[in-house]
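The values are calculated or read from the model by the stated rules, or taken from the named source; none is laboratory data. As the structure is a computational prediction, the values presented were derived from the model and not from experiment. Methodologically, a virtual Cβ is constructed for each residue, glycine included, from the backbone with ideal geometry; neighbour enumeration extends over all protein chains shown. In case anyone asks, the SASA skips ligands and DNA or RNA and just uses the protein heavy atoms, side chains included. Shrake-Rupley method; radii C 1.70, N 1.55, O 1.52, S 1.80 Å.
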Amino acid sequence: MQTFEHKRVLVTGGSRGLGLGVVEALVARHADVTVLARDSATLAGLKDRLGVSILAGDATDPALAELVLRDVRPSVLVLNAGAMPTMAPLDAHTWESFSSNWNTDVKATFHWVQAALRLPLENGSRVLLSSSGAALEGSPLSGGYAGAKRMIWLMAGYANGVATALHRDIRFQALLVRQIVGATELGRAAAEAYARRKGVSTEAFLAGFGKALSPWDYGEHIVALLSEPRYEKPPAFAIRGETGIQPLDA
């Protein structure tokens, strides 16, 4: 099992939600964690509470991605930055609302993956890309979200192909949470929207997923994924409260 003590880890979008769960789990194991997010005030509070290094910025900026990776040189990069999707049926979306996750989640992932390959990160580095169970099941009330998350999953496979061709030992792996996480802002909004559509309470809708998955639980799963040898090679993983981590094919 791998130890995290003093290991350099960079988490984009790590100031809230599932990203924060990852940060907390890694800090608990004495990793040297840097968090990048947009909100300076939230980051300052995170630094005070957890002692992490912080960077305020826009994860979709390619120059920032290159600069930060060159400066931090992480051996683990967790790409978690993303937009809050607009919850509405297809006929109620504008193109701007429909494509928001392409212009944020996919764009940010694209630039950071490119930077990781071009710099490149050190051999043995791991890059985790935040996809979603929506990439498998769809998400009819969140516009282009499911398609964006499917593209991120595909991107992990594309990046592994490039790394192999360039003889770089960098492993890219997609993460698919296969349930709505009601404890996050995004998950709560999605649960409320789908519960209204089904005519049930939000709590009843969330109960349909079985065992709840909290941000802390998610962070613990990511720690396991990064430390146990059996998880080094698969290109993607499904994560659920009931079943834990399940490797997926590309």
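By how many degrees, between 0 and 90 and to the nearest 10, does the Cα long axis of helix 40-50 differ from the longest principal axis of the chain?
Between helix and principal axis, roughly 70 degrees.
Using Cα-Cα distances under 8 Å and only pairs 6 or more residues apart, what relative contact order does the stretch 14-154 have, in percent? Show your work: numbers first, answer last.
Details: 207 pairs, mean separation 32.4, N = 141.
Answer for the stretch 14-154 is 23 percent.
Considering every pair of different Cα atoms, what Kirkwood radius, in Å, is found for the chain?
Working: mean 1/r = 0.0550 Å⁻¹.
Here the Kirkwood hydrodynamic radius works out to 18.2 Å.
For the stretch 133-223, which whole-number percentage of the solvent-accessible area (1.4 Å probe, protein heavy atoms only) is attributable to carbon and sulfur atoms?
Working: 2290 of 4040 Å².
Carbon and sulfur together cover 57 percent of it.
Per the 1.4 Å probe, what fraction of the accessible area of the stretch 1-114, in percent, lies on carbon and sulfur atoms?
Numbers: 2910 of 5420 Å².
The computed percentage sits at 54.
Roughly how big is the stretch 56-134's charge dipole about its Cα centre, with Cβ charges of +1 (Lys, Arg) and -1 (Asp, Glu), in debye to the nearest 20?
Values: 5 positive and 8 negative charges, 66 e Å.
So the magnitude is around 320 debye.
Once you charge only the Cβ atoms, +1 for Lys and Arg and -1 for Asp and Glu, what is the size of the charge dipole of the chain about its Cα centre, to the nearest 20 debye? Walk me through the numbers on the way to the answer.
Values: 25 positive and 24 negative charges, 53 e Å.
Dipole magnitude for the chain comes out near 260 debye.
Which angle between 0 and 90 degrees, to the nearest 10, do you get for helix 17-27 versus the longest principal axis of the chain when only C-alpha atoms count?
30
Go through 7/233; 7/47; 107/198 and tell me which ones have a Cα-Cα distance over 26 Å in this structure. Don't skip to the end; give the middle numbers.
Numbers: 7/233 20 Å; 7/47 18 Å; 107/198 33 Å.
From the list (7/233; 7/47; 107/198), the Cα-Cα distance tops 26 Å for 107/198.
For the stretch 1-92, what does the accessible surface come to per residue with a 1.4 Å probe? Please give it in Å². Working shown, then result.
Details: 4380 Å² over 92 residues.
Value for the stretch 1-92: 48 Å² per residue.
Answer rounded, prolate or oblate for the stretch 135-231, using the Cα gyration tensor with square roots of eigenvalues a ≥ b ≥ c: rounded when a/c is under 1.5, else prolate when a/b is larger than b/c, else oblate. Intermediate results must be reported in sequence, preceding the final value.
Details: a/c = 3.70, a/b = 1.76, b/c = 2.10.
It is oblate, given that a/c is not under 1.5 and a/b is not larger than b/c.
Which residue, 229, 195, 208, has the largest displacement toward the positive end of the dipole of the stretch 190-250 when charges sit on each Cβ (Lys, Arg +1; Asp, Glu -1)?
The residue sitting farthest along the positive end of the dipole is 195.
Run the paramagnetic zone check for residue 216: 7 angstrom along Cα to Cβ, then residues of the stretch 1-44 with backbone nitrogen under 11 Å.
So the set is 25.
Distance in nm between label sites at residue 96 and residue 158, each 7 Å beyond Cα in the beta-carbon direction?
So the two model labels end up 2.7 nm from each other.
Is there a quick way to get the dipole size of the stretch 101-232? I mean about its Cα centre, with the Cβ of Lys and Arg at +1 and of Asp and Glu at -1; what is the value in debye to the nearest 20? Intermediate values should be presented prior to the final figure.
Numbers: 14 positive and 11 negative charges, 75 e Å.
The dipole of the stretch 101-232 has a size of about 360 debye.
How far is helix 107-118 tilted off the main Cα axis of the chain, in degrees rounded to 10, range 0 to 90?
It works out to around 20 degrees.
Using helices alone, what [θ] at 222 nm do you get for the chain, with -39,500 (n - 2.57) per DSSP H run of 4 or more residues, divided over all residues and rounded to the nearest 500?
Working: 10 runs with 107 residues, N = 250.
After summing the helix terms and dividing by residue count, I get -13000 deg cm²/dmol.
Please return the longest range in the chain lying between exposed loop sites, taking GluC sites (Glu not before Pro), DSSP loop only, at most 12 other beta-carbon atoms within 10 Å, and leaving the sites out.
Values: sites that count: 5, 242.
Result, exposed sites excluded: 6-241.
Starting from 0.36 nm per residue, how many nanometres of slack lie between residue 230 and residue 123 once their C-alpha separation is accounted for?
Working: separation 107, 0.36 × 107 = 38.52 nm, distance 1.84 nm.
Gain on stretching residue 230 to residue 123: 36.7 nm.
So if I take the centroid of the Cα atoms in the stretch 113-184 and the same for the stretch 28-95, what is the distance between those two points in Å?
Each part reduced to its Cα centre gives a spacing of 15 Å.
Residues in the stretch 16-39, backbone N under 14 Å from the label point at residue 47 (7 Å along the Cα-to-beta-carbon vector): list them, ranges by number please.
33-39
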